[in-house]
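Asker: Okay, handing you the structure first.
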């Protein structure tokens, strides 16, 4: 399988229409060990109409899911990337046993909810719609899978010697009486956090450094922060006109008072048992 790293930070930003994106632990299925998993029968909300077509044009992939719309539209994306998006697994090392065509073939996908379900669909945060995409992959690509725990080389996020430089806040209470989730937004080389947990920040950092990151800070609150760094020169992630600046590792230490240290990280990986090309419609 060709090594493909998925820029999920950009994916989520597009899903949130370049505004903000939130993390929800409730969107993550319970890990299995050997038995094939499926969430198709557990979802309270599903897409009613799904169109999938092969895309043979050369161009970038895009995602559009307006907060007040009725659909998720994916253009020119490989099945590998769709799986990474749907299951929140941005790193190649977290997905196993995919056939080569899932990296070489691209598809367009449009999935819509019925009009009667629009209020419930609008109430979902962007990442809370991911299990609905999982169900599409199971139905149309005949995806079957199981989870397996592995120890991979990664990083642990810890507090630096000088202490954390974070603003702790109390999360706002939503209309449902529960604390609202934190949000992170920004561009390449910059992240702004609003009421974010260190566990969620660690998850996003894994997408930026290309290895799994676990939270070892011991900080259990919700925090505001801004992180700015210069992506590696020569990387496609380097924005034009961006001058010299700190690496993300240095920026984390200097600006947040935190540190990334090398570590063996326990990771929940997804092992694909079956995937088939979809019937186009």
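The values are calculated or read from the model by the stated rules, or taken from the named source; none is laboratory data. Keep in mind that what you see is a predicted model, and the values were worked out from it rather than measured. Cβ: placed from backbone, ideal geometry, glycine included. Neighbour counts: every protein chain shown.
Asker: Quick check: anything in segment 30-38 surrounded by 18 or more Cβ atoms within 10 Å (Cβ to Cβ), at pLDDT below 90, outside the structural domain of residue 191 (by TED's automatic domain parsing) and closer than 16 Å to residue 140 by Cα? Break it down into steps so the answer makes sense when it comes.
Answerer: Of all residues in segment 30-38, those surrounded by 18 or more Cβ atoms within 10 Å (Cβ to Cβ) come to 37.
Narrowing the set further to residues that are at pLDDT below 90 leaves 37.
Checking which are outside the structural domain of residue 191 (by TED's automatic domain parsing) leaves us with 37.
The next check asks that each one be closer than 16 Å to residue 140 by Cα; those that pass are 37.
Yes: segment 30-38 contains one or more residues that are surrounded by 18 or more Cβ atoms within 10 Å (Cβ to Cβ), at pLDDT below 90, outside the structural domain of residue 191 (by TED's automatic domain parsing) and closer than 16 Å to residue 140 by Cα.
Asker: Name, by its number, the condition in (1) assigned to a loop (DSSP other than H, G, I, E, B); (2) surrounded by 15 or more Cβ atoms within 10 Å (Cβ to Cβ); (3) at pLDDT below 90 that does not hold for residue 3.
Answerer: Condition not satisfied by residue 3: (2).
Asker: Evaluate segment 202-213: report whether one residue or more is closer than 29 Å to residue 96 by Cα, crowded, with 19+ Cβ neighbours inside 10 Å, out of contact with any helix residue (DSSP H, G or I) (no Cβ under 9 Å at 6 or more places or on another chain) and without any contact (Cβ under 8 Å) to a residue 60 or more places away in the chain.
Answerer: Yes, because at least one residue in segment 202-213 is closer than 29 Å to residue 96 by Cα, crowded, with 19+ Cβ neighbours inside 10 Å, out of contact with any helix residue (DSSP H, G or I) (no Cβ under 9 Å at 6 or more places or on another chain) and without any contact (Cβ under 8 Å) to a residue 60 or more places away in the chain.
Asker: Out of 108, 70, report the one residue that is under 25 Å from residue 185 (Cβ atoms), in contact (Cβ under 8 Å) with a residue 24 or more places away in the chain, buried (at least 17 other Cβ atoms within 10 Å of the Cβ) and over 19 Å from the mean Cα position of the chain (by Cα). Even if it seems obvious, please write down each step before you answer.
Answerer: Values: 108 fails: under 25 Å from residue 185 (Cβ atoms).
Step by step, each of 108, 70 is checked, and only 70 is under 25 Å from residue 185 (Cβ atoms), in contact (Cβ under 8 Å) with a residue 24 or more places away in the chain, buried (at least 17 other Cβ atoms within 10 Å of the Cβ) and over 19 Å from the mean Cα position of the chain (by Cα).
Asker: Let me ask something additional. Considering each residue of segment 118-140, count those that are assigned to a helix (DSSP H, G or I), at pLDDT below 85 and more than 15 Å from residue 50 (Cα to Cα), and give that number.
Answerer: Residues in segment 118-140 being assigned to a helix (DSSP H, G or I), at pLDDT below 85 and more than 15 Å from residue 50 (Cα to Cα): 3 in total.
Asker: Can you give me the ranges of the strands (runs of 3 or more DSSP E) entirely in segment 165-208 with at least 2 residues that are modelled with pLDDT of 90 or more? Walk me through how you get there before you give the answer.
Answerer: Numbers: elements: 167-169, 183-187, 190-196.
Fully inside segment 165-208 and qualifying: 167-169, 190-196.
Asker: Next up: Within segment 214-235, count every residue that is closer than 18 Å to residue 186 by Cβ, in contact with a helix residue (DSSP H, G or I) (Cβ under 8 Å, 6 or more places away or on another chain) and part of a loop (DSSP other than H, G, I, E, B). Working first, answer last.
Answerer: First, pick out the residues of segment 214-235 that are closer than 18 Å to residue 186 by Cβ: 222-232, 235.
Within this subset, residues satisfying the condition of being in contact with a helix residue (DSSP H, G or I) (Cβ under 8 Å, 6 or more places away or on another chain) are 223, 225-229, 231.
Now narrow it down to the ones that are part of a loop (DSSP other than H, G, I, E, B): 229, 231.
The qualifying residues number 2.
Asker: Scan segment 70-106 for residues that are part of a loop (DSSP other than H, G, I, E, B), touching a strand residue (DSSP E or B) at 6+ places or on another chain (Cβ under 9 Å) and farther than 23 Å from residue 266 by Cα and jot them down.
Answerer: Let us first name the residues in segment 70-106 that are part of a loop (DSSP other than H, G, I, E, B), namely 70, 78, 88-91, 97-100, 105.
Still in the list and also touching a strand residue (DSSP E or B) at 6+ places or on another chain (Cβ under 9 Å): 70, 78, 89, 91, 97-99, 105.
Scanning segment 70-106 gives 70, 78, 99, 105.
Asker: What's the number of the only condition in (1) assigned by TED's automatic domain parsing to the domain that holds residue 51; (2) at pLDDT 90 or above that residue 160 fails to meet?
Answerer: Failing condition for residue 160: (1).
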